[in-house]
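This report refers to the structure that appears directly beneath it.
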Amino acid sequence: FMPLQRHSMFLSCVFAVAALLLRALPVRGLARPAEDFVPAPPPPPGRFIIPLHRQRVPVQSDADTVSYKSVYFGTISVGTPEQQQFSVVFDTGSGHVIIPSQACASETCTIHRRYRRELSLHAVDIDYDGSPVQPGAPRDQITVAFGTGEVTGQFVNDRLCLGSETEGWLAPSVALPPKAAAQRPDTSSGASVPPKDDDQSRPNCVDLRIVTATEMTHEPFHAFAFDGVLGLGLDGLALAPEFSFFGMMTAQRRLDQPSFGVFLADSDEESSEISFGGHSPELVRSGLSWAPVAFPELGYWQVAITRLRIGNTTMDFCEDGQCRAVVDTGTSLLAVPKDFYDTLQDELSGALHDPTPGEDGEVDCRKAAGALLHFELGELTVTMAPGDYARQSILLQDDAVPEDEESAESAHVVQAEDQSHAGAKARVPAEGAAAVADTGAGASGGSEVGGSEPAKERVIDWEGAPRSCKPTLMPLELPAPLGPKLFIWGEPILRKYYTVYNWKENKIGFGLARHAWQEEQAVAAAATSTSATAAPPAAPQKPRPLLRRPLL
């Protein structure tokens with residue numbers, strides 16, 4: 001961090017570089033349980049499960065490429081006795097809780113829910129060190145830089161609760177009471193006082209220091225439906241331990257385990273979630289394998305890559321032992337060091353083979369054939385198959401372009417995140433730029449911040465255009481201490497692997513995630529094998545449903 005100056009301090013957080021954001025597509029909510037729904041068992045005492053909604057947004061990474069990126073967010077409430085609800089990205093690449101303030105009057109803020117400090121009897125205006133702000137005195141500020149935008153805010157100490165009581169959200173259920181010796185920061189001076197009796201009925205709540213944004217640039221916040229960010233980085237990413245949500249939760253609450261787990265759905269037939277106080281074993285189809293956090297003092301959930309292989313070929317890039325990967329729930333891509341990007345892109349693309357297109361011309365890239373990408377983390381190996389790192393790409397013509405870029409022969413490649421969005425038209429920026437739907441680790445803190453004006457747009461019509469599968473990688477250039485050989489493992493890794501983050505022991509667990517379509521494939525394969533025997537044909541088997549939690 002940069003040195004903090006009273007009344008004005010600036011913090012440059014590290015976030016992923018990618019493509020210019022556009023207006024958001026409608027949010028796709030959680031799927032309702034099917035008729036064959038099998039309820040999962042309730043979480044054990046001291047564990048809380050928050051469902052995550054997914055939103056897809058078109059972004060342009062360069063002059064020729066448009067892709068759909070995803071962001072996952074859940075709900076929290078802030079303040080007492082009136083709880084103010086916010087949707088936030090649970091971001092392992094950030095260190096603070098950031099929500100818009102009522103004092104922010106720009107359109108970027110007003111289209112989101114804003115925090116009203118006067119509605120909370122628990123709230124106290126503070127400086128970054130926790131000391132109360134005297135009436136009329138100037139206040140400390142923080143500026144957090146993103147790829148093409150920034151947030152400037154002030155500090156408040158208030159109560160934050162996981163989940164909400166509204167219909168459609170899964171509220172945390174059973175929990176043990178707080179430890180008798182639990183301590184919390186005093187809202188007036190930052191000191192500690194024993195928990196109060198009213199805490200017994202709110203085991204999913206913690207007191208902590210929050211950043212309330214008074215200024216938010218147009219990019220990247222205007223395009224997304226979520227209101228803010230709940231940072232889940234280690235203490236090294238926060239101004240002080242009292243800003244760390246999970247650190248304060250482990251100090252103030254009795255959790256079943258000092259960890260949290262993340263599951264990202266692979267289709268609309270299942271629900272994404274984050275679990276605090278442990279993980280959800282029914283969403284893991286393999287045992288967990290653990291890797292230690294490298295350089296935890298930096299605050300990132302990062303692991304050391306001891307070897308990188310494409311198929312059976314070991315690549316020289318990581319042979320010097322300098323490669324690392326940040327596991328980032330706020331990033332939608334697989335970011336690759338710039339010096340290695342072209343090599344990896346060429347190797348994977350050259351070995352990639354499309355599956356047979358369907359009658360509608362669509363290709364299901366989950367069935368693509370090609371080279372396996374292996375990241376060795378000591379005794380643990382994280383493997384990406386073509387179906388994990390490839391997405392459908394579309395060669396198309398502009399339906400309309402701005403006058404200054406008019407070209408009758410212009411063709412563009414569009415990468416669609418899934419077949420449900422490979423439809424008729426999309427509005428995309430007219431020019432490539434520098435940020436993506438990422439709120440987590442990535443771009444250099446010293447990078448320039450882009451303007452807040454929205455980019456020009458062109459309308460692209462891709463109906464009837466040919467489809468193929470392409471690797472979805474992003475080049476990344478970072479200085480030390482994170483770079484220059486840093487990978488960012490975003491959504492592609494997180495959809496394949498259920499990840500568990502152990503706060504106390506500074507380690508990350510990886511287990512193959514249990515997805516509904518994989519269960520159906522396994523049942524179909526078993527049925528095919530059975531039908532090949534001499535036994536009479538059996539009645540069609542119904543796929544075994546994936547365990548899913550009901551929505552309240």
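The values are calculated or read from the model by the stated rules, or taken from the named source; none is laboratory data. Remember, predicted model here, so these are calculated numbers, not experimental data. Please note: Cβ atoms are built from the backbone with ideal geometry, for glycine as well, and neighbour counts cover all protein chains shown.
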Residue among GLY236, GLY261, GLY228 that alone is small (Gly, Ala, Ser), in contact (Cβ under 8 Å) with a residue 40 or more places away in the chain, buried (at least 22 other Cβ atoms within 10 Å of the Cβ) and farther than 16 Å from LEU160 by Cα: GLY261
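Each row is one residue, and each column tells you yes or no for (1) at pLDDT below 90; (2) touching a strand residue (DSSP E or B) at 6+ places or on another chain (Cβ under 6 Å); (3) in the same structural domain as PRO466 (by TED's automatic domain parsing); (4) among the hydroxyl-bearing types (Ser, Thr, Tyr).
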| position | (1), (2), (3), (4) |
| --- | --- |
| ASP320 | no, no, yes, no |
| CYS323 | no, no, yes, no |
| ASP328 | no, yes, yes, no |
| LEU333 | yes, yes, yes, no |
| ASP339 | no, no, yes, no |
| ASP346 | no, no, yes, no |
| ASP360 | yes, no, yes, no |
| ALA371 | no, yes, yes, no |
| GLU417 | yes, yes, yes, no |
Which residues, counting only those in region 331-361, are assigned to a helix (DSSP H, G or I), closer than 26 Å to ARG56 by Cα and of a type in the set (S, T, N, Q)? GLN345, SER349
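Go through region 276-306 and count every residue that is assigned to a loop (DSSP other than H, G, I, E, B) and under 20 Å from the mean Cα position of the chain (by Cα). Spell out the reasoning first.
Kept after step one, since they are assigned to a loop (DSSP other than H, G, I, E, B), are these residues of region 276-306: 277, 279-280, 285-288, 293-295, 299-301, 305-306.
Those still in the list that are under 20 Å from the mean Cα position of the chain (by Cα) too: 277, 279-280, 293, 299-301.
The total comes to 7.
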PRO492 - would you say it is outside any loop (DSSP other than H, G, I, E, B) and at pLDDT below 95? yes
Check off (1) at pLDDT below 95; (2) within 12 Å of TYR501 (Cα to Cα) for LEU288 and give me the number that stays unchecked. (1)
Looking at (1) at pLDDT below 95; (2) surrounded by fewer than 24 Cβ atoms within 10 Å (Cβ to Cβ); (3) assigned by TED's automatic domain parsing to the domain that holds GLN154, which is the only condition GLN102 fails? (1)
So, in region 105-164, how many residues would count as being outside any loop (DSSP other than H, G, I, E, B), of a type outside the set (A, V, I, L, M, F, W, C), at pLDDT 95 or above and buried (at least 21 other Cβ atoms within 10 Å of the Cβ)? 6
Pairs returned, first residue in region 340-354 that is of a type outside the set (Lys, Arg), second residue that is assigned to a helix (DSSP H, G or I), beta-carbon separation under 7 angstrom, 6 or more apart or interchain, are PHE340/PHE317; LEU348/TYR389; LEU352/PRO386
